[in-house]
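So the structure is just underneath, and the comments pick up after that.
The values are calculated or read from the model by the stated rules, or taken from the named source; none is laboratory data. Everything quoted here is computed from the prediction, not taken from an experiment. All Cβ positions, even for glycine, are placed from backbone atoms using ideal geometry, and neighbour counts span all protein chains on display. Heads up: the accessible areas ignore ligands, DNA and RNA and are worked out on the full protein's heavy atoms, side chains in. Shrake-Rupley method; radii C 1.70, N 1.55, O 1.52, S 1.80 Å.
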Amino acid sequence: MINLMAERAALRKLLRQKRQALSATEQQSASVQLEQQLIQLPQIQAAKTIAVYLANDGEIDLTRFCHWCWHHDKQLCLPVLHPFSKHHLLFLNYQPNSPMHRNRFGIFEPELAAPQVVPLEQLDTILLPLVGFDGDANRLGMGGGFYDRTLAHWQLQRHVNAALIGVAHDCQQVPELPIASWDVPLDIIVTPSTYHRAL
């Protein structure tokens, strides 16, 4: 277990540096290409309610995709740090005019308001960021376990057509990831250039 954690920590450091090293032009180009990849997915076209994220720490930017969703009458949600359940997330309705604030990690999130909370079981598709991935659609996250803890419950109750989609820059791929027992499996990983489906 100690070796596994050390290997994952070393990979996180390397891959975060890779995505942080991308220029503004490279980031913008990746965002444009990713939007085109995402909107072709049947899971995205069929989804009514989609959870997204706001890019941080060099993550690939979903802003263009969010505008496409609003234009096509899809409800968007953003993750918010759960106020009571440590290391868990809530998902709140997200509109262009949603009141926002920075959470303790410096990431913008909607201001918590009970009427804006969207129950997990209502999410058709969840797009989540990652630090690294491999060709079998395994995901390495930031290490806090927020998505893994939250989505372990969603995996049990999601409807048959719901999808869990990881998104990343192409440079974040590695030949093989060291997998941990708590990693929630993804259905597909989308990059600006290609798709990686789970086995």
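Test of understanding: express the Cα radius of gyration of the chain as a ratio to 2.2 N^0.38 Å, with N the residue count.
Normalised Rg, Cα atoms only: 0.97.
Please report, in whole Å³, the volume per residue of the convex hull around the C-alpha atoms of the stretch 1-57.
Numbers: hull volume 7.2 nm³, N = 57.
Cα-based convex hull of the stretch 1-57, divided per residue, equals 127 Å³.
Mean 1/r over all different Cα pairs, inverted: what Kirkwood radius does the stretch 131-178 give, in Å?
By the Kirkwood definition, the hydrodynamic radius is 12.1 Å.
With a probe of 1.4 Å, find how much accessible area the chain has per residue, and write the answer as a whole number in Å².
51 Å²
Largest first and to the nearest Å, give the Cα extent of the stretch 97-175 along each principal axis.
On the principal axes, the stretch 97-175 reaches 43, 33, 22 Å in Cα extent.
Search the structure for amide H atoms under 5 Å from the amide H of Asn138, placed 1.01 Å from N in the peptide plane, and list their residues when 5 or more places away or on another chain.
none
Got a sec? Charge dipole of the chain, +1 on Cβ for Lys and Arg, -1 for Asp and Glu; which of Pro83, Ile179, Ile165 is way out at the positive end?
Result: Pro83, furthest along the dipole toward the positive end.
Within straight cross-link reach of Lys74, meaning Cα distance under 20 Å, which lysines are found once same-chain residues fewer than 8 apart are removed?
Output for Lys74: Lys48.
Tally Lys and Arg at +1 and Asp and Glu at -1 over the other residues with C-beta under 11 Å from the C-beta of Tyr147: what net charge comes out? Provide the component values of the computation, followed by the final result.
Working: positive: Arg139, Arg149; negative: Asp148, Asp183.
Residues near Tyr147 contribute 0 overall.
How big is the dipole moment of the stretch 1-137 about its Cα centre under a simple scheme where the beta carbon of each Lys and Arg is +1, that of each Asp and Glu is -1, and everything else is neutral? Debye, nearest 20, please. Intermediate values should be presented prior to the final figure.
Working: 12 positive and 13 negative charges, 82 e Å.
Roughly 400 debye, rounded to the nearest 20.
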